[in-house]
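Below is one structure, written out as structure tokens, with a few remarks after it.
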């Protein structure tokens, strides 16, 4: 060997020991200039590029080393395969690892490492054959200088409208604080620290904002009032900013590690990760339910379908309240922590699905959040265009791993007569199954937000004791609208002549037999009558102007009678109920359009005594 080449090589090794790969590569290139057949120099350049996660450059130099001495290269097929896999070239990686494992007399560590990599490559090849989306392009877009800085930004979390993004920034390389950016006029505004009493000189991180933007639950480590190393805390949005954090208490926190919170869209369930005893592995995902007294229930482990002998963390429950994303190193994947998706069906979780390459790679993957549209995702990465450390990026999810697109209804409840805020109970029910999808209370100012996953039809009701309930239907199983709903709900005090439209009473065309899904609304009427035994009501049926008026009047009367019959069967005294058929005599919308005619075909309830 040329003496100068060896000198450059030794300098490069010393630089590499200090982690200075860039200068080390320069020294190796000088060595190769002196000695073009210096196979170890080519291999060391490849190795340094691999440490820098520059997989393409690493593979290029491994292949040059192979061209110099293919026999000597065989032992380097293991790191070569890893860099091929880093580029997503799994079929080639599988061939390279098979060549490596064919070597005689491999030691035990080499055999174990090779077998592990082979298993991940075979998994990757099989999964790529299943995920056939030829038109899909994975193209993460950096959120730009207004969001990202020379420091690391990570753990994004999003409100339901998708116009507020809160994230963690590691300020001055050691202190974690929360920052916010807003999407206005097609771009993200300059990020700024959260106002109020939430950021401190302690480490706040791994946060989750509620879909309505009113609560922030986060991880605080080594806080003075902590129960263990890391606890979960909550802060509330006020007119002066975010309130001082409050420890979620011994129902949630233990002397062990609790982190990575995620609130369900109705704020009734809290998912998080913990390494407390009694789990299935290093850390498991748990869920706790909010009790009527405002306390959280004893957390329940999500079970062996989700949790493994490895570690599961970073749960994110989507706005549809059915789709859970999380990280795991225990389920089969590409190596280290991968992202997975599971759906909640009849209270049980489906077998997790690996999100696949290129969302998952051979490296560790972190938290992922998905907007209500079910398409737009956000994550942290240290890709080539990073401003420094981890940056926040957005991309479109591949169709096979998307959650259900979710609309929402938000608004305010108030007294129709006094116009004062009226805290009330709100229920959303699946019309097809009768299952209650969400049950929430308005906040102290009587505002509410409830999510509407597309693909189903819903009955929506608002209740307050001493008032007539309000009902609405959202038909999203066919041709759902592109917009969301904003409703100002004026509840009527129980008094004579107070009336409501029963929007979830259904009949087939020209029929008067109640359809099964009408029972949800009718049971609300039963509850109203039983809670207020002094009231009597009139049920009136109405039609549109199509057809002969006498036939319309008879049809509307029979429909109203069907409602009364149902209520009597449920135990309401007949002398408290009257009915009438109004035909098309009292339209509430023009009969010139189908939308108007649909409004006119209605059933009303009126307090008569």
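Observations on the structure shown:
- Meets criteria (farther than 30 Å from residue 449 by Cβ and crowded, with 21+ Cβ neighbours inside 10 Å) for residue 338: yes
- Residue match in segment 230-238 (condition: outside any strand (DSSP E or B), more than 16 Å from residue 207 (Cβ to Cβ) and in the same structural domain as residue 216 (by TED's automatic domain parsing)): no
This table checks each residue for (1) at pLDDT 95 or above; (2) farther than 29 Å from residue 120 by Cα; (3) buried (at least 19 other Cβ atoms within 10 Å of the Cβ).
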| site | (1), (2), (3) |
| --- | --- |
| 44 | yes, no, yes |
| 51 | no, no, no |
| 63 | yes, no, no |
| 67 | yes, no, no |
| 82 | yes, no, yes |
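- Entirely in segment 449-513, the strands (runs of 3 or more DSSP E) that have 2 or more residues that are in contact with a strand residue (DSSP E or B) (Cβ under 6 Å, 6 or more places away or on another chain) and over 21 Å from residue 432 (Cα atoms): 485-491, 499-501
- Close pairs from segment 338-360: first farther than 26 Å from residue 86 by Cα, partner at pLDDT below 90 and in a loop (DSSP other than H, G, I, E, B), Cβ under 7 Å, at least 6 apart: none
- Check on residue 307, touching a residue at least 12 places away in the same chain (Cβ under 8 Å), under 20 Å from residue 440 (Cα atoms), outside any strand (DSSP E or B) and touching a strand residue (DSSP E or B) at 6+ places or on another chain (Cβ under 8 Å): no
- Of the candidates 305, 287, the single residue that is under 21 Å from residue 158 (Cα atoms) and surrounded by fewer than 22 Cβ atoms within 10 Å (Cβ to Cβ) is 287.
- Qualifying residue in segment 381-389 (condition: buried (at least 22 other Cβ atoms within 10 Å of the Cβ), in the same structural domain as residue 181 (by TED's automatic domain parsing) and in a loop (DSSP other than H, G, I, E, B)): no
- Taking strands (runs of 3 or more DSSP E) as the structural unit, those lying wholly within segment 313-372 and holding at least 1 residues that are out of contact with any strand residue (DSSP E or B) (no Cβ under 7 Å at 6 or more places or on another chain) and under 25 Å from residue 268 (Cβ atoms) correspond to 338-345.
- Residue 210 meets each of the listed conditions (1) surrounded by 16 or more Cβ atoms within 10 Å (Cβ to Cβ); (2) within 24 Å of the chain's Cα centre (by Cα); (3) over 26 Å from residue 195 (Cβ atoms) apart from (3).
- Answer residue from segment 169-197, given it is closer than 25 Å to residue 274 by Cα and buried (at least 22 other Cβ atoms within 10 Å of the Cβ) and is farthest from the chain's Cα centre (by Cα) among those: 176
- Restricting attention to segment 592-609, the residues that are over 30 Å from residue 493 (Cβ atoms) and either within 40 Å of the chain's Cα centre (by Cα) or modelled with pLDDT of 90 or more (or both) total 4.
- Segment 308-329, residues that are under 27 Å from residue 120 (Cβ atoms) and surrounded by fewer than 21 Cβ atoms within 10 Å (Cβ to Cβ): 308, 309, 310, 311, 329
- The requirement of being touching a residue at least 60 places away in the same chain (Cβ under 8 Å), within 22 Å of residue 383 (Cβ to Cβ) and surrounded by 15 or more Cβ atoms within 10 Å (Cβ to Cβ) is fulfilled nowhere in segment 11-34; no residue meets it.
- Selection of segment 569-587 for residues being more than 30 Å from residue 530 (Cα to Cα) and in contact with a helix residue (DSSP H, G or I) (Cβ under 7 Å, 6 or more places away or on another chain) yields 584, 587.
- Filter result (surrounded by 16 or more Cβ atoms within 10 Å (Cβ to Cβ), out of contact with any strand residue (DSSP E or B) (no Cβ under 7 Å at 6 or more places or on another chain) and farther than 19 Å from residue 337 by Cα) within segment 255-284: 276
The values are calculated or read from the model by the stated rules, or taken from the named source; none is laboratory data. Bear in mind that the values here come from a model prediction, so they are computed numbers and not experimental data. In this analysis, Cβ positions are derived from the backbone assuming ideal geometry, glycine residues included, and neighbour counts consider all displayed protein chains.
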